[in-house]
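Working notes, beginning with the structure itself.
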Amino acid sequence: TMKRLFLLMLLLVGAAATEPVQSGEYFATERRQMVKDITEMATNTASVTGIGKFASLVLEAMEEVPRHEFVPREKISAAYKNRPLQIGHRQTISQPFIVALMTELLNLKGTDRVLEVGTGSGYQAAVLSLLAAQVYSIEIIPELGEAAQNNLRRLGYANVQTKIGDGYLGWPAHAPFDGIIVTAAPDHIPPALIDQLKPNGRMVIPVGGFTQDLLVLTKRADGTTISETIVPVRFVPLTRD
Ligand code: SAH
């Protein structure tokens with residue numbers, strides 16, 4: 001029986017070694033590590049961001065969304081590293097820490113309707129969809145927007161609606177929004193986005209040139225706005241048609 005046990009163990013080792021990296025359990029482990037990494041980064045950057053700890057709902061969403069399904073196949077082994085990755089068309093999927101930070105800053109309620117400008121891979125939209133009632137996301141590059149839409153459907157994110165267009169103009173048909181998140185950087189806050197924000201709504205947006213400031217703009221009940229600078233960031237530029 002010892003010999004049989006030994007053989008069995010060899011078989012198991014063999015099976016583990018040849019197991020494809022696509023195993024769900026493998027990615028769940030990587031995802032837990034990613035959540036640890038961004039939690040640690042939140043602690044280390046608390047003096048700058050003013051946020052030492054992400055809400056547990058935000059962390060749960062980060063732990064649930066399969067980021068490896070949103071990165072190009074050849075980058076899959078880096079999917080859960082806390083860093084941005086190229087997704088083609090000279091665009092990037094943001095660093096997980098930044099996705100969590102922007103999500104946290106939106107301060108979403110489950111009944112909220114959110115607009116995202118810059119669908120990219122669709123990853124940020126998927127994270128938002130777990131914390132809001134409805135997500136509307138606009139992408140200016142047709143190939144990226146279509147790929148993201150197909151991917152979000154395939155993965156079952158039914159409360160995300162996407163369209164191809166210029167997000168500088170917002171999405172008037174679905175306005176106003178409780179929250180707006182912009183994941184490409186303009187050099188000024190697009191006026192249409194302020195118009196399309198509800199009273200007491202929040203907009204999280206990087207504003208600037210090569211590097212930007214991440215801002216949280218809040219619309220008061222009387223329609224006036226205040227904005228707060230959170231942290232320096234680097235996003236791809238917001239482009240126009
Ligand atoms: N949120 C994305 C990352 C976005 S990268 C994710 O989770 O993967 C920024 C994206 O904004 C790019 O895909 C870029 O094409 C898009 N973009 C740039 N200017 C835009 C505009 N005016 N309207 C809509 N999308 C725009």
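If you check Gly223, Gly145 for being free of Cβ contacts under 8 Å to residues at least 40 places away in the same chain and either open to solvent by 40 Å² or more (accessible area, probe 1.4 Å) or in contact with a Pro (Cβ under 7 Å, 6 or more places away or on another chain) (or both), only one passes: Gly223.
Applying a threshold of 6 Å to beta carbon distances and a minimum spacing of six or more residues, or different chains, the list of pairs starting in the stretch 94-105 at a residue that is more than 18 Å from Arg31 (Cβ to Cβ) and ending at one that is within 12 Å of the ligand (Cβ to nearest atom) reads Met102/Ile181; Met102/Val204; Leu105/Val204.
Of the residues making up the stretch 192-207, those that are outside any strand (DSSP E or B) and open to solvent by 40 Å² or more (accessible area, probe 1.4 Å) are Ile194, Asp195.
Considering only residues that are polar (S, T, N, Q) and assigned to a helix (DSSP H, G or I), look in the stretch 61-104 and name the one that is nearest to Glu40 (Cα to Cα).
Here is the first cut: in the stretch 61-104, the ones polar (S, T, N, Q) are 77, 82, 86, 91-92, 94-95, 103.
Filter once more, so that each one left must be assigned to a helix (DSSP H, G or I): 77, 103.
Numbers: Ser77: 21, Thr103: 17 Å.
The extreme case among them is Thr103.
The lone criterion from (1) more than 24 Å from Glu64 (Cβ to Cβ); (2) at pLDDT below 95; (3) surrounded by 12 or more Cβ atoms within 10 Å (Cβ to Cβ) left unmet by Ala46 is number (2). Scanning the stretch 199-235 for residues that are more than 16 Å from the ligand (Cβ to nearest atom), in contact with a Lys or Arg (Cβ under 9 Å, 6 or more places away or on another chain) and at negative phi yields Pro199, Gly201, Arg202, Val216, Leu217, Thr218, Lys219, Thr225, Ile226. Considering only residues that are buried (at least 24 other Cβ atoms within 10 Å of the Cβ) and either within 7 Å of the ligand (Cβ to nearest atom) or of a type in the set (Phe, Trp, Tyr) (or both), which ones fall in the stretch 96-117? Across the stretch 96-117, the qualifying residues are Val99, Glu116, Val117.
Applying the condition of being part of a helix (DSSP H, G or I) and farther than 25 Å from His68 by Cβ to the stretch 152-182 and asking which residue is nearest to the ligand (Cβ to nearest atom) yields Gly167.
The values are calculated or read from the model by the stated rules, or taken from the named source; none is laboratory data. Owing to the predicted nature of the structure, the values given are computational and were not obtained by experimental measurement. Backbone-built Cβ (ideal geometry, glycine too); neighbour counts: all protein chains shown. For accessibility, only protein heavy atoms count, side chains too; no ligands or nucleic acids. Shrake-Rupley method; radii C 1.70, N 1.55, O 1.52, S 1.80 Å.
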